[in-house]
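K.L.:
Below you'll find the structure I mean.
The values are calculated or read from the model by the stated rules, or taken from the named source; none is laboratory data. From a predicted model like this one, the values you see are computed outputs, not experimental measurements. Ideal geometry is used to build each Cβ from the backbone, glycine not excepted, and the neighbour counts take in all protein chains shown.
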Amino acid sequence: MTQPSDQGAALDNLLTESRSFPPSEEFAAEANATSALYDEATADREAFWAKQAERLHWDTKWTQVLDWSDAPFAKWFVGGRLNVAYNCVDRHVESGHGDQVAIHWEGEPGDQRAITYAELQREVSKAANALVSLGLRTGDRVAIYLPMIPEAIFSMLACARLGLPHSVVFGGFSAEALRTRIDDAEAKLVITSDGQFRRGSAVPLKAAVDEAVSRTPSVGNVLVVRRTGIDVEWTEGRDLWWHDVVDAQSDVHAPESFDAEHPLFILYTSGTTGKPKGILHTSGGYLTQAAYTHFNVFDLKPDTDVYWCTADIGWVTGHSYIVYGPLANRVTQVVYEGTPNTPHEGRHWEIVQRYGVSIYYTAPTTIRTFMKWGNDIPAKFDLSTLRVLGSVGEPINPEAWIWYRENIGGNRAPIVDTWWQTETGAIMISPLPGVIAAKPGSAQRPLPGIGAKVVDDTGAEVPAGGGGYLVLDEPWPAMLRGIWGDEQRYRETYWSRFAAQGFYFAGDGAKYDADGDIWLLGRVDDVMNVSGHRISTTEVESALVSHPTVAEAAVVGATDPTTGQGIVAFVILRGGVAQDQAKGAEAIKALRDHVAKEIGPIAKPRQIMVVPELPKTRSGKIMRRLLRDVAENRQVGDVTTLADSSVMDLISSGLNTSA
Ligand code: WT7
């Protein structure tokens, strides 16, 4: 395991950052959150969460806030019953907001659709009736493999309405990645589209489903949305068009209530081994924390704000901060299908201007990309409606934070740097705008009701100024309820490192500054963070060694100015492979494409270096630290624990000649 102190010099600079931006008086006076929230939560945590749960409509009230007797398996709002989709849709119609726009959707080619809450209720009801007509029953799993189109949200909510746990698979994942996820959850239905628009062209999507589903015995039907009109292969009896099946349904559907702990979704994320983990989330606690955090962290005013989270629903940010939290809060939001530079690099700012977006939530990698494109691009648009800016996915460097504040937020809008994970389900550490003076690069404090600490190897809290591991020391309502089908892995991954203290181990390094604010320093395990996406080194290594020319591979995440980390792979070729040819540009390209095919384009290594050996300890463990030194063009560090200390010379000299 990497020591937090190895996190790289760049991150140490964070701690010399001393600027701080207090909220304006006007903002503070109107803010949803006040410092009283901290006091209330400290006085009685469970009473605090019970109060937050009152944001939702419960068909049956709970009898106990938290049952932690079977730790680390939590039960929140025990005995409570609710329908998640009813909470996100129907109740807003019933309270007289049926005409409020829920979603301003914009497709990449420029097509637009405004969907009111009343329309959302009809669409979700039709989709729910369709799923029932296909024979799905409470508890059955549904895989959703769709681009950012309204049907993706209708599908998720229809599943929630029927108690069918969904497993959304990011549309950028390969057929093979989709297949393993469908298989692991034994999904009965896959919802997909013919294709999707990407950088101005229509690219196939259903083709990957056809390939995946040919080897997934659990799948009975594939429901296909027509998005691009491109040709698709068709399997009679299995494949169904959305417009045939869903449009024929009644637009009325009565929601039933489910237990607070009924599974809501499974979402796969990378761990330290090659096999992705199916993170399981349930209903009542998850929705409570998603709604509470969305309301307070983004200061949402449902009657006047226009909110926009740029994530894809294939990631947890899309689940919690496009679908569940915002809709539970009766948001009006923008959902955009495409990339930020199609057809021009001002696309996001054009959208902000068109809809009057007031809250904007994105990732540091996107902010750094905007920086690269230049200040003159956002300067051409009216961004004066923006009043809260958010960041998520990886540590944000102070330079990007300041650029965001000045060029997007007009030196006015508070920035919330929100730390959380797929596993935590909702935001855990973030400044509250209007309450906390923001510091560029720091997520600062656990939210009211959340317990987080920085501890050393022994689990003891480090003093102000000290660094170590981030742990969560109290159960929280949106916490994962396990890893689908693998109780042991759940215990080992998160709860064994600090078992004596009963802390959840987040896998991140962190430091306290002199004020006791938390600064996140990146992962301490073999998980890379590329553009805010978690990818495991082992997963990429297995993809590489599955190629016929590769004997062995080691993968590291190297610091990258735009994507946070870039994937750098070191490969040893098999004996008998014509070395010169296999080192050539063509061969390297073939390897990169092979990884994209096995996992998805997001996992394509930035760089692949062919080496004669890999640095290993006497026990055979690859020393990634040394490879990171090479990948980041640094003097190679201490080699004394290598089984053969000359290996690094061999690697370095080989690289010089092959370059
Ligand atoms: C990992 C979780 C949470 C949704 C997106 C990613 C890193 C996330 C921050 C932040 C520093 C952050 C951590 C974490 N991370 N947000 N604000 N500051 N690091 O979800 O794919 O589950 O990844 O992302 O390393 O463990 P995820």
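K.L.:
Residue by residue through the stretch 401-424, note down the ones that are in contact with a Leu (Cβ under 9 Å, 6 or more places away or on another chain), part of a loop (DSSP other than H, G, I, E, B) and more than 11 Å from the ligand (Cβ to nearest atom).
P.N.:
Once the filter is applied, which keeps residues that are in contact with a Leu (Cβ under 9 Å, 6 or more places away or on another chain), part of a loop (DSSP other than H, G, I, E, B) and more than 11 Å from the ligand (Cβ to nearest atom), the stretch 401-424 yields Gly409, Gly410, Arg412, Ala413, Pro414.
K.L.:
If you don't mind, another one. Report yes if some residue within the stretch 522-535 is under 17 Å from His594 (Cβ atoms) and out of contact with any Phe, Trp or Tyr (no Cβ under 8 Å at 6 or more places or on another chain); otherwise report no.
P.N.:
Let us first name the residues in the stretch 522-535 that are under 17 Å from His594 (Cβ atoms), namely 535.
Adding the requirement that they be out of contact with any Phe, Trp or Tyr (no Cβ under 8 Å at 6 or more places or on another chain) leaves 535.
Yes, that holds for at least one residue.
K.L.:
Another question, then. Testing Pro475 on (1) within 15 Å of the ligand (Cβ to nearest atom); (2) in contact with a Leu (Cβ under 7 Å, 6 or more places away or on another chain); (3) in a loop (DSSP other than H, G, I, E, B); (4) farther than 23 Å from Ala514 by Cβ, one condition comes back false. Which one is that?
P.N.:
Answer for Pro475: the failing condition is (1).
K.L.:
To continue, here is another question. Provide a single number: the residues in the stretch 425-440 that are more than 9 Å from the ligand (Cβ to nearest atom) and under 19 Å from Arg405 (Cβ atoms).
P.N.:
10
K.L.:
Residues Trp58, Trp105, Trp49: which one is among the hydrophobic types (A, V, I, L, M, F, W, C) and either assigned to a helix (DSSP H, G or I) or surrounded by fewer than 17 Cβ atoms within 10 Å (Cβ to Cβ) (or both)?
P.N.:
Sole residue among the options that is among the hydrophobic types (A, V, I, L, M, F, W, C) and either assigned to a helix (DSSP H, G or I) or surrounded by fewer than 17 Cβ atoms within 10 Å (Cβ to Cβ) (or both): Trp49.
K.L.:
Of the conditions (1) more than 19 Å from Leu300 (Cα to Cα); (2) within 13 Å of the ligand (Cβ to nearest atom), Gly459 clears all except one; give me its number.
P.N.:
(2)
K.L.:
Continuing with the same structure: Need the failing condition index for Tyr490 against (1) under 27 Å from Thr34 (Cβ atoms); (2) outside any strand (DSSP E or B), just the number.
P.N.:
Just one mismatch for Tyr490, condition (1).
K.L.:
Does the stretch 340-350 contain any residue that is within 13 Å of the ligand (Cβ to nearest atom) and not charged (D, E, K, R)?
P.N.:
no
K.L.:
Could you tell me whether Glu394 is within 17 Å of Gly441 (Cα to Cα), among the acidic types (Asp, Glu) and in a loop (DSSP other than H, G, I, E, B)?
P.N.:
Yes: the conditions hold for Glu394.
K.L.:
Filter the stretch 451-492 for residues that are among the hydroxyl-bearing types (Ser, Thr, Tyr) and crowded, with 20+ Cβ neighbours inside 10 Å and give the result. Talk me through it step by step, then tell me what you get.
P.N.:
If we filter the stretch 451-492 for residues that are among the hydroxyl-bearing types (Ser, Thr, Tyr), which is where we start, we get 458, 469, 490.
Result: Tyr469, Tyr490.
K.L.:
Further question on the same structure: Can you confirm whether the stretch 503-518 contains a residue that is surrounded by 21 or more Cβ atoms within 10 Å (Cβ to Cβ) and under 30 Å from Lys597 (Cβ atoms)?
P.N.:
For the stretch 503-518, residues surrounded by 21 or more Cβ atoms within 10 Å (Cβ to Cβ) and under 30 Å from Lys597 (Cβ atoms): present.
K.L.:
For the stretch 315-333, how many residues are within 11 Å of the ligand (Cβ to nearest atom) and part of a loop (DSSP other than H, G, I, E, B)?
P.N.:
Step one: filter the stretch 315-333 for residues within 11 Å of the ligand (Cβ to nearest atom), giving 315-321.
Filter once more, keeping what is part of a loop (DSSP other than H, G, I, E, B): 315.
Final tally of qualifying residues: 1.
K.L.:
Follow-up. Across the stretch 568-605, what is the total count of residues that are over 20 Å from Ala631 (Cβ atoms), free of Cβ contacts under 8 Å to residues at least 60 places away in the same chain and among the basic types (Lys, Arg)?
P.N.:
Summing the residues that are over 20 Å from Ala631 (Cβ atoms), free of Cβ contacts under 8 Å to residues at least 60 places away in the same chain and among the basic types (Lys, Arg) in the stretch 568-605 gives 1.
K.L.:
While we're looking at this one, here's another question. How many of the residues in the stretch 378-399 are more than 11 Å from the ligand (Cβ to nearest atom) and at pLDDT 95 or above?
P.N.:
Here the count works out to 12.
K.L.:
A further question on this structure: Checking Gly522 against (1) at pLDDT 95 or above; (2) within 15 Å of the ligand (Cβ to nearest atom); (3) crowded, with 23+ Cβ neighbours inside 10 Å, which test does it fail?
P.N.:
The failed condition is (1).
K.L.:
Taking only the stretch 200-233 into account, find how many residues are over 27 Å from the mean Cα position of the chain (by Cα), loosely packed, with under 13 Cβ neighbours inside 10 Å and within 25 Å of Glu337 (Cα to Cα).
P.N.:
3
K.L.:
Does Leu480 count as of a type outside the set (D, E, K, R), touching a Leu at 6+ places or on another chain (Cβ under 8 Å) and either more than 15 Å from the ligand (Cβ to nearest atom) or not assigned by the TED database to the domain that holds Phe77 (or both)? Before you say what the answer is, go through the steps one by one.
P.N.:
On the way: of a type outside the set (D, E, K, R): yes; touching a Leu at 6+ places or on another chain (Cβ under 8 Å): yes; either more than 15 Å from the ligand (Cβ to nearest atom) or not assigned by the TED database to the domain that holds Phe77 (or both): no.
In short, no.
K.L.:
Taking Val357, is it more than 13 Å from the ligand (Cβ to nearest atom) and either touching a strand residue (DSSP E or B) at 6+ places or on another chain (Cβ under 8 Å) or closer than 21 Å to His294 by Cα (or both)?
P.N.:
Yes, satisfied.
K.L.:
Let me ask something else about it. If we scan the stretch 184-202, do we find a residue that is in a strand (DSSP E or B) and without any contact (Cβ under 8 Å) to a residue 12 or more places away in the chain?
P.N.:
Filtering the stretch 184-202 down to residues in a strand (DSSP E or B) leaves 189-193, 195-198, 201-202.
Right, trim to without any contact (Cβ under 8 Å) to a residue 12 or more places away in the chain and you get 201.
Yes, the stretch 184-202 contains at least one residue that is in a strand (DSSP E or B) and without any contact (Cβ under 8 Å) to a residue 12 or more places away in the chain.
K.L.:
Confirm whether Tyr336 is over 30 Å from Trp76 (Cα atoms) and within 16 Å of the ligand (Cβ to nearest atom).
P.N.:
When the stated conditions are applied, Tyr336 does not pass them.
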